[in-house]
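Please read the structure below before turning to the comments.
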Amino acid sequence: MTATALLPLATLGSSLMTAVLIFLLPEQAVRTRTLLNLAAAVVKIVLVAWMALGLTAGQHYGLSFPVVDGLSFVLQVDKLGLAFAGLSSLLWLFTTIYAIGYLEGSPNRRRFFGFFSLCVASTMGVSLAGNLFTLLIFYELLTVSTYPLVAHRGTPQALAAASVYLRYTLSAGLALLLGMVALQVLGGDWRFGERTLLSGLDPAKRPLLIGLFWLLILGFGVKAALVPLHGWLPRAMVAPAPVSALLHAVAVVKAGAFGIVRLVYDVYGIGFAQSLGVLDGLVVIASVTIVYGSVRALTQQELKPRLAFSTVSQVSYIVLGIGLFGPLGTIAALAHLIHQGLMKVTLFFCAGNYAEELGIHRIDELDGVGRRMPLSSLAFTLGALGMIGLPPVVGFISKWLLGLGAVQAGKPWVIAVLVTSTLLNMAYFLPILHRLWFRPGPARGLGDWPGERKPGGLETSAWLLLPALATALLSLMAGMLAGLPFSPLQWATLVVRQEYLLP
Amino acid sequence: MNATPYHLLWLLFAPPALGLLAGWRPPRREFWLLLFGLPLPLVALWLVLASASEPMAGCLTLGGLELHWRLNGLTALLWLLTQVLLLGSAVHAVGNARVSGLPPRSGAWLWPLLGGLALGLGLIWLAADLVLLYLGLELMGLCAVGLMLLPGKVDALMASLRYLLYALVGSLAWLLGIALLLGAWGRLDLAGLAAVAEPNTVTRIAMALLSSGLLLKAAIFPLHAWLAPVHGSAWTPVSAVHGALVVKVSFFILLLLWRLLLPDVVVGAWALGALGSLAVLWGGVQAWRAAGLKQVVAWSTVGQLGYLMLAFPLLAGAGEGVATLVWQATWLQLAGHALAKAAMFMAAGNLLLSTGATRLEGLTGTSRRLPLSLLTFGLAALTLIGLPPSAGFTAKWLLLQASFASGQWIWALVLALGTLLSATYVFRVLRCSFVEDAPATPFRALPLGMELIALALALAAIALGLAAELPLALVRLSALP
């Protein structure tokens, strides 16, 4: 086996083997498990960074073997996949640290961390998959490995939410399977990157191709939480906070969005998709989702569901950017894939901190928390401002480029959608910030926090605080230093320049 | 006419000999069993490698009776699968007997019967002759009934007697079919029959008789009624062998005969496909409604066998490309399901034995106390649902590809509905294990061997999904019969 096949395999294996080892370790081996988790997460970041460097130097990585005659398992590393891989490996580290602190002393931690690693391994596979068959393998593995995480608490609500989740995602997986097999029948055993294959087919097949496109969007749209396929997401909020952070910021919704990106760029090809007329449909769906998600977020009384609906809305920016036929929209979409991950994971970390430290779940209980937990609240503020799109946090860059892309694509009405969404973002985030910082809270004699833990030295445990601060800092830096190489924006530009616009 | 190779004879008769030995002195430790049993799959593996390059065939003359046999890549692989599964169940049985505290004598009959079953199955894989096939089928059926009777309880007795009745009716239909074929064409060896027999009315009636007998034995809808009660009351290792191998053998013979005698009869093939579809749906619905864990697993067998039946309409009159797809998918599905079903029965048996429960609600708390068996159940379920990466998934992908390529969309619909149904009943089981607030019940500790053997089989079913090319290359070599 050559070194070029070894790296993607090792990247995948770093979390897959961790999952296996964790299942083999006894439940009580907390220290070993923690060490293993952190070491694997760091190793993976190093491997992904190595591949990123190698890729920019013109190195090729990948491996493939036939599963059956005419059907191959293909891993191949391209810049687009590596962007997603980088996001998931970076956030895996932070979420793991957070989860170690969050689940301290709770039962079934072996199961939790085992499936957690498996879930990250699946996102890794999704990002490195080189054909539809391989993509589907890891996409479905992601479904299976997140089920135990959503059901983790074992309460009736958690089990009901997990069932709903499964109902949505397995049906979606079936739609994907049917669509992908049909594409395989039409085009044979082909890999991502051979973009002329479908456009070269008989023009009489075009209606069929349009139908298959929407079938596959149906499949990916469930995980990407496109309205009306988003029903599972707010319910899955009963899961522990690290799961919400990982599910909503990285793994599940992003896998769906990433699948749509792959479908449009690497399966159909953006030009061919445009000529089929399917991109306009995507823009409409994305716009509806953006506005609907924001409006629903506004009506939520609890913090986590509000963040969940905000995710519904924000992930669709990616779809919107793809639908806008043009380089700027694409850059915005790809950069937002990473930006939204950083910001949303920060927000969920903070929501988890409030729940753990003070027992706060509802928004109206947040009065004056800024004094009791200033650092978490600072991180939350940064994340929220980024979501609204205030410079210099990264969210601004996404929205700005989307607006430019809309003008470039000749769809100025999309700007109205963006403005509406921004106003709604402000309407649901600013009151929270106001409560955090400017309302008097229980600390000034207005009663107690719903369930305060014993105060220690820091405002909350360092395991919980540091990841939130780190991701908040990253979302600030990614915005301020967007011009440096290897920033999400520059990487996205690189992807667009090298992979899509040149023939 | 060449002489019968000695290793074939050895592979045929070593299991019954070992079975008799074990019946005389039942093994108490897995070690002894593995020591004596492991050579069998190894020889089978060697045969697979040997017969891949050149298929073996021959004829045995007993007085006036000529018995034809052959071994090609496909049947050698199936024989290997048989040996692996029998050995796995035997290992499981040793641990099972120890934990359930049976006096060694009452379980002693298990061993010779298992050996007889191995002989019967081996005869069927070798047979190229309707008489030899009949002998193998009867031996297998009688041994299976004997194995079912072993628990000695009233419900086991009832269920296995009913099974015996069904099997006898099936044999009767089979004998009538053979008689008709012999009368019409004057010979019973498969190759010769395929050469001389024309698809006229007599052949069709004979095939209808043979098929109905085999459908009965294979528990294909609507002739499946005997299956669930039998599995519910039988010992776990016996259910594992039965669900994984015995019912599939009849399917194998059915496919063999149809391909040889009526390869292009589309209406009959569609009828069989329709029966399979109904089996998928009905089996899924019943598994969903079943109250006991073993019943869920047994009903899922009914549904999964239905997938195999889709091979008939997809193969009938198909072009070469589609036929190759279906041919590979069928054997992959059969092997994957056999491994996964055995693993699932063992895992379910472990869960039941350890918790003492019979209903699904008794599984609460198993994720903490029996994580390994639960994991095995989940892994086996991946194959049954057809989730990646598993043999079930790859097989389903190929079947879908075939049904799209041949324009028979209806089977894709059946596959889709079957997937959803199987996900529903499997996750109904897994869901119970997540419940945290249930009263703590005493758990019985299990020997590690019982859990590991099930895990190994489940993992094999998953590995088969990604490494399908290795065995399927052999299957392709042994061209469509």
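Looking only at residues in the range B:355-400 that are among the polar types (S, T, N, Q) and at pLDDT 85 or above, the one that is nearest to A:G70 (Cα to Cα) is B:T394. Restricting the range A:374-387 to residues that are surrounded by fewer than 24 Cβ atoms within 10 Å (Cβ to Cβ) and of a type in the set (A, V, I, L, M) leaves a set whose member that is farthest from A:P442 (Cα to Cα) is A:L385.
Modelled with pLDDT under 90 and touching a Gly at 6+ places or on another chain (Cβ under 9 Å), is that true of B:A323? So B:A323 fails the test. The helices (runs of 4 or more DSSP H) found wholly in the range B:362-450 and carrying at least 3 residues that are more than 25 Å from B:A290 (Cα to Cα) and within 9 Å of chain A (Cβ to nearest Cβ) occupy B:391-405. Annotation: of all residues in the range B:451-481 being assigned to a loop (DSSP other than H, G, I, E, B) and modelled with pLDDT under 80, the one that is farthest from the other protein chains (Cβ to nearest Cβ) is B:P481. Restricted to the range B:198-301, the set of helices (runs of 4 or more DSSP H) holding at least 2 residues that are small (G, A, S) and within 14 Å of the chain's Cα centre (by Cα) comprises B:236-241. Residue count for the range A:1-32, restricted to those that are of a type in the set (D, E, K, R) and touching a helix residue (DSSP H, G or I) at 6+ places or on another chain (Cβ under 6 Å): 1.
Among the residues of the range A:131-160, those identified as among the hydroxyl-bearing types (S, T, Y), under 21 Å from the mean Cα position of the chain (by Cα) and facing chain B (nearest Cβ under 10 Å) are A:T134, A:Y139, A:T143, A:Y147. Residues that are facing chain B (nearest Cβ under 10 Å) and surrounded by fewer than 21 Cβ atoms within 10 Å (Cβ to Cβ) within the range A:161-173 comprise A:S163, A:R167, A:S171, listed in sequence order. A single entry from A:L320, A:L347 fulfils the requirement of being at negative phi and touching a residue at least 60 places away in the same chain (Cβ under 8 Å): A:L320.
When residues of the range A:63-93 are filtered for being over 30 Å from B:L430 (Cα atoms) and under 16 Å from the mean Cα position of the chain (by Cα), how many remain?
Going through the range A:63-93 one residue at a time, the tally reaches 9.
For the range A:305-326, the set of residues classified as crowded, with 22+ Cβ neighbours inside 10 Å and over 28 Å from A:L80 (Cα atoms) consists of A:R306 only. Scanning the range A:441-481 for residues that are assigned to a loop (DSSP other than H, G, I, E, B), farther than 19 Å from A:A355 by Cα and modelled with pLDDT of 80 or more turns up just one, A:L481. Across the range A:469-490, the number of residues qualifying as in contact (Cβ under 8 Å) with a residue 40 or more places away in the chain, surrounded by 16 or more Cβ atoms within 10 Å (Cβ to Cβ) and more than 17 Å from the chain's Cα centre (by Cα) comes to 5.
Residues checked against (1) under 24 Å from B:M140 (Cα atoms); (2) touching a helix residue (DSSP H, G or I) at 6+ places or on another chain (Cβ under 6 Å):
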| residue | (1), (2) |
| --- | --- |
| B:L157 | yes, no |
| B:Y163 | yes, yes |
| B:V169 | yes, no |
| B:I178 | yes, yes |
| B:W185 | no, yes |
| B:L188 | yes, yes |
| B:P199 | no, no |
| B:L215 | yes, no |
| B:F221 | yes, yes |
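Of the residues making up the range A:200-208, at least one is surrounded by fewer than 24 Cβ atoms within 10 Å (Cβ to Cβ), within 14 Å of chain B (Cβ to nearest Cβ) and among the aliphatic types (A, V, I, L, M).
Taking every residue in the range B:243-261 that is over 23 Å from B:L142 (Cβ atoms) and crowded, with 22+ Cβ neighbours inside 10 Å and pairing it with any residue that is polar (S, T, N, Q) and at pLDDT 90 or above, at least 6 positions away or on another chain, the pairs with Cβ-Cβ distances below 9 Å are B:L255/B:T330; B:W258/B:S211.
Among the conditions (1) farther than 25 Å from A:L80 by Cα; (2) within 14 Å of chain B (Cβ to nearest Cβ); (3) assigned to a loop (DSSP other than H, G, I, E, B), the only one that A:D189 does not satisfy is (1).
The values are calculated or read from the model by the stated rules, or taken from the named source; none is laboratory data. The model shown is predicted, which means the values in this text are computed figures rather than measured ones. Backbone-built Cβ (ideal geometry, glycine too); neighbour counts: all protein chains shown.
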